[in-house]
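Student: Here it is, the structure, as structure tokens.
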Amino acid sequence: MLKLCVAGAAGRMGRAIIKEAYLKGIQTVGAIESSSSSAVGKTLQDLAITDQDTEILSSDKLDRALVNADVFISFTSPAADLVNIPIVVEQGKRIILGTTGFSSEQNRVIIDNMNGKVPVVFSPNYSVGINIFFNLIGTLNAFPSDYDFCINELHHTGKKDAPSGTANKLGELVSNMRNYTKTVTGREGMSSRQPNELEITSMRAGDVSGIHTLTIAGPHEMLKIEHTAFSRDALAQGAVYAAEWLSKQNIPQIYNMTDVLGLTSAFSPGNFLSRKNTKEQ
């Protein structure tokens with residue numbers, strides 16, 4: 001039976017992942033939170049996450065939380081992962097990394113810590129639908145040159161970074177395909193769009209889990225492709241799929257959701273060794 005260690009276990013993503021895994025018969029045998037969290041010392045059962053008696057440990061006891069785990073899952077913060085990932089790698093555990101918001105330098109460091117050492121899945125978004133969306137981008141180059149591409153993303157008011165990591169990834173794929181050399185994230189006053197520009201706009205409202213829309217507009221028509229996440233469970237589902245898939249991989253390299261889902265595309269969305277920085281929390 002697959003066994004997990006989940007970072008940020010008492011947070012919204014951590015809870016969603018643990019519950020999704022539990023529904024599939026996957027045990028969470030390790031759980032950590034920041035040392036300041038009131039959840040430390042309580043069990044998953046105490047917090048009504050599942051009926052498991054796994055104790056949530058302080059992050060400084062990560063080595064203990066990892067002992068019986070096969071896969072470590074983290075959707076936390078860059079600062080936490082820069083500390084935690086080397087410990088996980090040292091113990092030889094597989095990694096599902098969904099944390100975003102890394103600076104370019106942090107991204108380089110985290111990749112250097114993982115690449116070629118243990119099997120890893122590293123993705124800016126674990127939603128199945130979003131990754132199929134990514135895979136569709138290559139087919140859109142059939143649009144003539146006078147069609148413009150733009151991206152909009154809507155998230156909850158607590159989201160700190162903008163544009164989202166997913167919007168940035170979509171933007172990277174579109175820019176590579178259409179040869180856009182500049183990204184504009186907002187306009188004000190007299191500011192007409194230039195041929196080399198891609199527009200990415202962000203909105204924050206309520207408790208929206210995530211809506212990403214790609215619009216392609218030409219002289220006489222418009223196409224919209226939109227993905228809506230009903231809840232964080234969409235990401236949790238993908239993360240658990242990825243953990244199940246990763247448990248069968250023995251080559252120590254960095255994979256992506258294209259690998260997990262068996263997709264192939266000239267515009268692979270998961271090449272973290274060369275991708276630009278993406279930010280999402």
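The values are calculated or read from the model by the stated rules, or taken from the named source; none is laboratory data. Since we're looking at a predicted model, the values are computed, not measured. Note: ideal-geometry Cβ built from the backbone for every residue, glycine included; neighbour counts use all protein chains shown. Ligands, DNA and RNA are stripped out before the accessible areas are found, and what is left, the full protein with its side chains, is counted by its heavy atoms. Shrake-Rupley method; radii C 1.70, N 1.55, O 1.52, S 1.80 Å.
Student: Which one of the conditions (1) modelled with pLDDT of 95 or more; (2) open to solvent by less than 40 Å² (accessible area, probe 1.4 Å); (3) farther than 30 Å from residue 1 by Cβ; (4) not in a strand (DSSP E or B) does residue 198 fail to meet, given that it meets all the rest?
Tutor: The single condition residue 198 does not satisfy is (4).
Student: If the Cβ limit is 6 Å and pairs must be 6+ apart or interchain, which residue in region 243-266 that is under 18 Å from residue 21 (Cβ atoms) pairs with which residue that is among the aromatic types (Phe, Trp, Tyr) and part of a helix (DSSP H, G or I)?
Tutor: Final answer for the pair search is 260/245.
Student: Now a separate question. Could you tell me whether residue 84 is open to solvent by less than 30 Å² (accessible area, probe 1.4 Å) and either closer than 28 Å to residue 109 by Cα or modelled with pLDDT of 95 or more (or both)?
Tutor: The answer is yes for residue 84.
Student: Another question about this same structure. Name the residues in region 67-97 that are within 25 Å of residue 232 (Cβ to Cβ) and touching a Gly at 6+ places or on another chain (Cβ under 9 Å), would you?
Tutor: Within region 67-97, 69, 72, 73, 74, 75, 76, 77, 78, 80 meet the criteria.
Student: What about residue 89, is it crowded, with 16+ Cβ neighbours inside 10 Å, of a type in the set (A, V, I, L, M) and free of Cβ contacts under 8 Å to residues at least 40 places away in the same chain? Outline the logic, then answer.
Tutor: Numbers: crowded, with 16+ Cβ neighbours inside 10 Å: yes; of a type in the set (A, V, I, L, M): yes; free of Cβ contacts under 8 Å to residues at least 40 places away in the same chain: yes.
Yes; evaluated as a whole, the condition is true for this residue.
Student: Now, a different point. How many residues are free of Cβ contacts under 8 Å to residues at least 40 places away in the same chain, part of a loop (DSSP other than H, G, I, E, B) and farther than 21 Å from residue 101 by Cα if we restrict to region 150-195?
Tutor: Number of matching residues: 11.
Student: Here is a further query. Would it be correct to say that residue 235 is within 26 Å of residue 143 (Cβ to Cβ), in contact with a helix residue (DSSP H, G or I) (Cβ under 9 Å, 6 or more places away or on another chain) and surrounded by 13 or more Cβ atoms within 10 Å (Cβ to Cβ)?
Tutor: no
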